[in-house]
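Written out below as structure tokens is the structure these notes cover.
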Amino acid sequence: MSDTSSIATLKLSGVLTGEKTVHLTTQLRALFADHKHLVLLDVADLTEIEHAGYHALYRAARYLMWHNGKIVLLNPNERVQAILAKTGLGTVLVSTDNKQEAIKMLLVET
């Protein structure tokens, strides 16, 4: 985990399920407790999102919407994009392949 100014960056890899979901939720809760509400999730190395994983991402995105924050996914591969579309997560999570664009998305108020 790294934090550049007001944006916290987390990197996800492998399959987001079980223990990894618990770990992600713990990291996000720590950020939220520190009032860090702009989160960049680098998902370039994420290969799969299972049921528990997409529920954790959905809950985090909704929490941040209610607290004037955002999550942006950076570098989702085709498989992750398909999962976002199939599950409806793509309606609450935005994504891009460009880090500068992702930062702009986080910093622009909606």
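Output the number of residues of segment 23-42 satisfying the condition of being loosely packed, with under 12 Cβ neighbours inside 10 Å and part of a helix (DSSP H, G or I).
Qualifying residue count for the region: 2.
Okay, residues lined up against (1) in contact with a strand residue (DSSP E or B) (Cβ under 8 Å, 6 or more places away or on another chain); (2) among the β-branched types (Val, Ile, Thr):
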| site | (1), (2) |
| --- | --- |
| Thr25 | no, yes |
| Arg29 | no, no |
| Leu57 | yes, no |
| Val80 | yes, yes |
| Lys104 | no, no |
- [ ] Report the residue count in segment 50-76 for those that are of a type in the set (S, T, N, Q) and modelled with pLDDT of 95 or more.
- [x] 1
Open item on the list: Given (1) more than 20 Å from Thr91 (Cα to Cα); (2) under 11 Å from the mean Cα position of the chain (by Cα), identify the lone condition not met by Tyr58.
Closed with: (1)
Open item on the list: I'm checking my understanding of the structure. Among residues of segment 43-59 that are out of contact with any Lys or Arg (no Cβ under 9 Å at 6 or more places or on another chain) and surrounded by fewer than 14 Cβ atoms within 10 Å (Cβ to Cβ), which one is farthest from Glu109 (Cα to Cα)?
Closed with: His51
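Going by the conditions given, is Ile103 surrounded by 16 or more Cβ atoms within 10 Å (Cβ to Cβ), part of a helix (DSSP H, G or I) and not aromatic (Phe, Trp, Tyr)? Walk me through how you get there before you give the answer.
Details: surrounded by 16 or more Cβ atoms within 10 Å (Cβ to Cβ): yes; part of a helix (DSSP H, G or I): yes; not aromatic (Phe, Trp, Tyr): yes.
Taking the combined requirement at face value, the residue satisfies it.
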TODO: Run Asn98 past the list (1) closer than 20 Å to Arg29 by Cα; (2) modelled with pLDDT of 95 or more and report the number of the one that doesn't hold.
DONE: (1)
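The values are calculated or read from the model by the stated rules, or taken from the named source; none is laboratory data. Keep in mind the model is a prediction, meaning the values are calculated, not measured. Ideal geometry is used to build each Cβ from the backbone, glycine not excepted, and the neighbour counts take in all protein chains shown.
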